[in-house]
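Only one structure is covered here, and it is reproduced in the block below.
The values are calculated or read from the model by the stated rules, or taken from the named source; none is laboratory data. Because the structure is predicted, anything quoted here is derived from the model rather than measured. As a convention, Cβ positions derive from the backbone with ideal geometry for all residues, glycine included, and neighbour counts pool all protein chains shown. Remember, those area values only see protein heavy atoms, side chains included, never the ligands or the DNA or RNA. Shrake-Rupley method; radii C 1.70, N 1.55, O 1.52, S 1.80 Å.
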Amino acid sequence: MPPYLTPVKPVRRIRYLIFMKDVLILALTTFGGPQVHLAMLYERFVKKRRYLTESELMELNALCQILPGPTSTQTITAVGFKIGGPNLAYITLLIWVLPAVSIMTAVGMGMYYLEQHNLSLRFARFIQPMAVGFLIVAGYRIGQKVIKDQVSLALAITAALVAYVFRSPVMTPIVIVAGGLITALTYQKHERMEKKPLKIQWANFFLWAGVFIGAAGLGAITQSLPVRLFENFYRNGSLVFGGGQVLTPMLYNEFVAFKHYLTREEFLSGLGLVQALPGPTFCFASYIGALSMRHSGWSGQFWGSFVSTAGIFLPGTFLIYFVYRFWEQLKRYRVVRASLDGVNAASSGLTAAAAIALFEPMAPYWPSVAVVLITMGILFFTRIPPVVIVICGLLAGVVL
């Protein structure tokens with residue numbers, strides 16, 4: 001019998017409580033995105049608590065990087081699964097996302113309140129160009145890691161051009177899948193590994209697919225905005241590879257350029273503010289969900305945030321539960337490893353297209369261009385944390 005199905009003994013229960021406390025500490029203190037998150041997971045989970053070894057943590061992180069969804073969230077959820085099974089994993093997920101989700105929901109509600117009462121939003125005017133600076137630097141750093149040869153460079157450029165010209169949410173999954181299929185054909189250049197027959201437990205895959213199809217069908221039939229929000233975010237959460245930076249262009253195309261649920265200024269303000277929060281960048285979905293249902297009152301905004309948050313985080317959770325059980329066998333197939341090169345290259349192209357689209361309207365205004373360049377310079381040449389940069393931008397908006 002698996003250890004997580006046995007009765008929880010007192011010592012194990014105490015260990016679980018300590019683990020949950022550690023997760024809460026991380027949720028309140030981990031600023032800076034997946035790379036910083038991984039370093040802090042290592043410090044607390046490996047060096048301090050010895051919940052798992054360094055190699056086990058790095059392997060879990062590698063697995064999560066090749067799955068759609070939020071890498072840091074999936075990694076910390078997988079650690080919870082390894083320690084205490086699915087129940088502890090779900091609790092881990094809730095503790096990890098709740099602080100940032102709560103703040104971004106409040107920000108979304110507050111943004112609409114200020115707009116309704118004609119209160120000035122000038123305090124956030126520097127946050128919007130700063131968000132573009134964050135996105136450009138993130139795209140550059142992603143490109144450095146994933147563009148390794150002429151094929152990946154060509155894929156990244158093609159993805160950027162296609163996404164820039166055809167600004168529809170439909171193009172995002174097409175570009176990502178096409179990139180994976182193209183590099184999958186080059187599998188022979190990858191090292192051959194000894195393979196064993198796959199032993200797959202399909203329950204969580206069917207759960208993921210069932211919710212995917214059910215939400216799409218229910219949204220089409222009912223035309224209910226909360227249901228459609230859940231479906232929109234569930235679809236994006238099922239297709240995004242590479243973390244919050246890659247998610248940004250998908251959400252911009254879907255909710256600003258295509259459906260006009262948010263204005264460009266509202267989107268950028270939220271994107272800038274989320275950089276100042278600890279925890280997962282995917283909590284940006286909570287902000288978008290709240291503003292998407294702004295005309296339904298406070299309860300409607302809360303409901304919009306809830307369904308959007310559930311939609312963006314559930315796919316990655318279902319998929320990590322599904323793949324974790326047979327990852328050892330799956331990673332031995334060369335075609336799987338080869339397809340990841342194309343997926344990552346296409347994702348970097350999507351990020352570049354989003355950065356260009358968001359920067360375009362700012363180009364004629366030199367103050368905005370200056371803020372973008374200053375933000376990029378600080379990120380490239382200093383170690384000042386993003387939270388400090390954002391707070392300084394807010395203070396400058398108040399004072400100047």
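Pairing each residue of segment 176-190 that is β-branched (Val, Ile, Thr) with any residue that is surrounded by 22 or more Cβ atoms within 10 Å (Cβ to Cβ) and modelled with pLDDT of 85 or more, provided the two are 6+ apart or on different chains, yields C-beta distances under 9 Å for Ile176/Ala159; Ile182/Leu155; Thr183/Ser152; Thr183/Leu155. Phe284: in a helix (DSSP H, G or I), free of Cβ contacts under 8 Å to residues at least 24 places away in the same chain and more than 30 Å from Lys196 (Cβ to Cβ), yes or no? The answer is no for Phe284. In the condition set (1) in contact (Cβ under 8 Å) with a residue 60 or more places away in the chain; (2) under 16 Å from Trp327 (Cβ atoms); (3) over 14 Å from the mean Cα position of the chain (by Cα), Gly84 is compliant with all but (2).
If we scan segment 123-131, do we find a residue that is out of contact with any Phe, Trp or Tyr (no Cβ under 6 Å at 6 or more places or on another chain), among the basic types (Lys, Arg), touching a residue at least 60 places away in the same chain (Cβ under 8 Å) and closer than 24 Å to Ile356 by Cα?
Of the residues in segment 123-131, the ones out of contact with any Phe, Trp or Tyr (no Cβ under 6 Å at 6 or more places or on another chain) are 123-131.
So of that shortlist, the ones also among the basic types (Lys, Arg) come out as 125.
Remaining after also requiring touching a residue at least 60 places away in the same chain (Cβ under 8 Å): 125.
From what is left, the residues that are closer than 24 Å to Ile356 by Cα are 125.
Yes, some residue in segment 123-131 is out of contact with any Phe, Trp or Tyr (no Cβ under 6 Å at 6 or more places or on another chain), among the basic types (Lys, Arg), touching a residue at least 60 places away in the same chain (Cβ under 8 Å) and closer than 24 Å to Ile356 by Cα.
Test Glu191 against the criterion of being assigned to a helix (DSSP H, G or I) and among the acidic types (Asp, Glu), and give yes or no. The answer is no for Glu191. For segment 254-271, the tally of residues that are of a type in the set (Lys, Arg) and open to solvent by less than 10 Å² (accessible area, probe 1.4 Å) stands at 0.
Of all the listed residues (Leu350, Leu314, Leu319, Leu330), the sole one being farther than 18 Å from Tyr140 by Cα and at pLDDT below 80 is Leu330. When each of Ser152, Ser224 is tested for being buried (at least 22 other Cβ atoms within 10 Å of the Cβ) and hydroxyl-bearing (Ser, Thr, Tyr), the lone residue that passes is Ser152.
Of everything listed in (1) small (Gly, Ala, Ser); (2) more than 21 Å from the chain's Cα centre (by Cα); (3) open to solvent by 20 Å² or more (accessible area, probe 1.4 Å); (4) closer than 30 Å to Val371 by Cβ, the single unmet condition for Ala124 is (3).
Within segment 356-382, the set of residues being buried (at least 22 other Cβ atoms within 10 Å of the Cβ) and either of a type in the set (Val, Ile, Thr) or not in a helix (DSSP H, G or I) (or both) comprises Val371, Val372, Thr375.
Counting just the residues of segment 155-182 that are open to solvent by 60 Å² or more (accessible area, probe 1.4 Å) and not in a helix (DSSP H, G or I), which one comes out modelled with the highest pLDDT?
Step one: list which residues in segment 155-182 are open to solvent by 60 Å² or more (accessible area, probe 1.4 Å), which gives 157-158, 161, 164-167, 170, 174, 177, 181-182.
If we keep only those that are not in a helix (DSSP H, G or I) too, we end up with 166-167, 170.
Values: Phe166: 82, Arg167: 70, Val170: 67.
For segment 155-182, the residue satisfying everything is Phe166.
For (1) more than 26 Å from Tyr333 (Cα to Cα); (2) of a type in the set (D, E, K, R); (3) touching a helix residue (DSSP H, G or I) at 6+ places or on another chain (Cβ under 8 Å), each residue gets a yes or a no:
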| site | (1), (2), (3) |
| --- | --- |
| Ala216 | yes, no, yes |
| Glu265 | yes, yes, yes |
| Gln275 | yes, no, yes |
| Ser299 | yes, no, no |
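Scan segment 292-306 for residues that are under 23 Å from the mean Cα position of the chain (by Cα) and either farther than 14 Å from Met104 by Cα or open to solvent by 20 Å² or more (accessible area, probe 1.4 Å) (or both) and the total you get is 4. For segment 85-92, check the following and say yes or no: at least one residue is open to solvent by 10 Å² or more (accessible area, probe 1.4 Å), of a type in the set (Ser, Thr, Tyr) and assigned to a helix (DSSP H, G or I). Yes: one or more hits. Considering (1) crowded, with 19+ Cβ neighbours inside 10 Å; (2) free of Cβ contacts under 8 Å to residues at least 60 places away in the same chain, the lone condition that Gly214 does not fulfil carries the number (1). Just one of (1) under 19 Å from His295 (Cα atoms); (2) open to solvent by 10 Å² or more (accessible area, probe 1.4 Å) fails for Gln275. It is (1).
Please go through segment 314-355 and give me each residue that is aromatic (Phe, Trp, Tyr) and either open to solvent by less than 10 Å² (accessible area, probe 1.4 Å) or over 15 Å from Asn236 (Cα atoms) (or both), ordered by number. Don't jump to the end; show me each part of the working.
Restricting attention to segment 314-355, the residues satisfying the condition of being aromatic (Phe, Trp, Tyr) are 318, 321-322, 324, 326-327, 333.
Residues satisfying the conditions are Tyr321, Phe322, Tyr324, Phe326, Trp327, Tyr333.
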